[in-house]
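Working notes, structure below.
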Amino acid sequence: MDLADLEREEVVDLLRLAQRLKDHPQPNALAGKVLGLLFLNPSLRTLASFQAAMSRLGGSSFVITPGQGSWNVELRNAAVMDGNAAEHVREAIPVLASYSDVLGIRAFAAGQNLADDLAETQLKLMSSLCDKPLVNLESAANHPCQALADWKTLDDLGVPRRGRFVLSWVNHPRALPLAVPAATVHMAAQRGMDVVVLRPEGYALPDAVMERARRAAAGSGGSVTETSERDTALAGAQVLYAKEWGSPAHYGDADAEAALRRGLADWCVTEQWFRAAQQDCHLMHCLPVRRNVAIADHVLDGPRSRVVAGAANRMTVQMAVLHRMLATN
C-alpha cells in the first residue's frame with residue numbers, strides 16, 4: 001500500500017472505514033484469516049498495532065524477526081552465503097506467504113546508496129517474491145501506514161484541510177532513514193495542506209521526494225515549500241511535525257554527516273519554537289523520540305503534544321487497511 005497510489009477521495013474513504021470500525025467493531029470480520037509479519041528491523045508500534053488490529057477483527061497473526069528465534073535472512077542477490085545468514089529471502093518470502101492471507105514486511109533503508117534506497121530496491125525484490133497481498137510496514141523511502149494514521153490524527157484534531165503544516169528536522173545522535181519524512185510531506189500535501197519543510201542547510205529532502213509531494217499538492221490544492229528559517233516556517237502554523245533524518249548530501253558517510261550535525265543541538269523543539277505559530281499549534285512525531293535531544297520534556301508532556309493520540313491511530317487505520325484487503329463483505 002502506498003498513499004500515492006490512491007486518489008485523495010480514496011484515502012478519505014479508507015479513513016471513514018477506520019472510524020466506522022472504531023465506532024462499530026466487527027470482531028468476526030476476518031475470522032480464519034492470517035496476517036504474516038516479517039520484521040527485518042525493530043518495532044514497537046508497528047508490531048503491536050498490526051497484531052492488535054488483526055485480533056480485533058477476529059483474525060490471527062504470526063511474527064518472524066530474523067536472528068531472534070528464526071534464521072538470519074540474506075537479502076543480496078548472488079550472495080555467497082558463508083556468513084551469519086542461513087536463509088535467503090528468495091525462499092523465506094514465498095514460504096511465509098504460503099502461510100498467510102496477507103504479508104507485512106518491515107525493511108529499512110540500507111543507508112549506503114541513496115538512489116537504490118529511493119528506488120525501493122529491497123522492497124521491490126521482496127514484493128516480486130510474494131504471491132499474496134503485501135503491506136509496507138516501513139521501507140527504505142516510505143511508511144504509508146504511519147502517514148495514514150497521521151492523516152486521521154489531523155482529522156480528529158479538526159485541523160483544516162488547507163492548514164499550515166510544518167515538517168521540521170530535529171536533532172538525533174545519528175543519521176536516520178528518510179522513510180517517515182518522505183511519507184509525511186507527501187501525506188500532508190495530498191491532504192491539501194500548505195506544507196513547509198523546515199531544515200538546516202545540508203538536510204534538504206531529496207529532489208525526488210519533494211517533487212512527489214509537489215505533484216500531490218497540485219492535485220489537492222495544497223502547496224509545498226522549504227526553508228531553514230524557523231520563525232518564517234512556523235508563522236501561523238497549526239501543526240509542527242518533528243522528525244529526524246540523515247543528510248542526503250552525505251548519504252552513507254557517517255563521519256561527514258556527524259560533522260554536519262555537530263553544531264545543530266539547538267534543533268530540539270522547545271516552547272519557544274511556537275512563538276510565531278497559532279496559539280493552539282499541535283506537536284506531532286511518529287515515535288520513538290529522543291527526549292531533550294529532538295523534543296524537550298516540557299513540550300512532549302505539555303498540552304500541545306499529540307504523539308500518543310497519533311500512535312493510537314496506527315491500530316485504527318490498520319484495521320481499515322486489513323478489512324479492505326481481506327473482508328468478504
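Observations, loosely collected:
- Top-ranked residue in segment 41-55 [being open to solvent by 50 Å² or more (accessible area, probe 1.4 Å) and not in a helix (DSSP H, G or I); ranked as nearest to ASN313 (Cα to Cα)]: LEU44
- Segment 56-151 holds strands (runs of 3 or more DSSP E) entirely within its bounds, and those carrying 3 or more residues that are open to solvent by 10 Å² or more (accessible area, probe 1.4 Å) map to 60-64.
- Residue in segment 239-247 that is more than 23 Å from LEU118 (Cβ to Cβ), open to solvent by less than 30 Å² (accessible area, probe 1.4 Å) and of a type outside the set (Asp, Glu) present: yes
- Any hit, segment 32-48, residues being closer than 19 Å to PRO144 by Cβ and of a type in the set (Lys, Arg): yes
- Residue that is under 25 Å from GLY263 (Cα atoms), part of a loop (DSSP other than H, G, I, E, B) and open to solvent by 10 Å² or more (accessible area, probe 1.4 Å), where the choices are PRO160, PRO173: PRO173
- Yes/no for GLY192 being open to solvent by less than 10 Å² (accessible area, probe 1.4 Å), farther than 17 Å from HIS285 by Cβ, out of contact with any Cys (no Cβ under 8 Å at 6 or more places or on another chain) and not aliphatic (A, V, I, L, M): yes
Yes or no, residue by residue, for (1) over 17 Å from the mean Cα position of the chain (by Cα); (2) of a type in the set (Gly, Ala, Ser):
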position: ALA188; (1), (2): no, yes
position: LEU198; (1), (2): yes, no
position: ALA204; (1), (2): yes, yes
position: VAL209; (1), (2): no, no
position: GLY221; (1), (2): yes, yes
position: GLU229; (1), (2): yes, no
position: LEU234; (1), (2): yes, no
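- Of all residues in segment 305-317, none satisfies being open to solvent by less than 60 Å² (accessible area, probe 1.4 Å), over 30 Å from MET54 (Cα atoms), modelled with pLDDT of 95 or more and not in a helix (DSSP H, G or I).
The values are calculated or read from the model by the stated rules, or taken from the named source; none is laboratory data. What you are looking at is a predicted structure, and each value in this text was computed from that prediction instead of being measured. Don't worry about glycine lacking a Cβ; one is built from the backbone with ideal geometry, like all the others, and counts go over all protein chains shown. Calculation scope for accessible area: heavy atoms of the full protein, side chains included, ligands and nucleic acids excluded. Shrake-Rupley method; radii C 1.70, N 1.55, O 1.52, S 1.80 Å.
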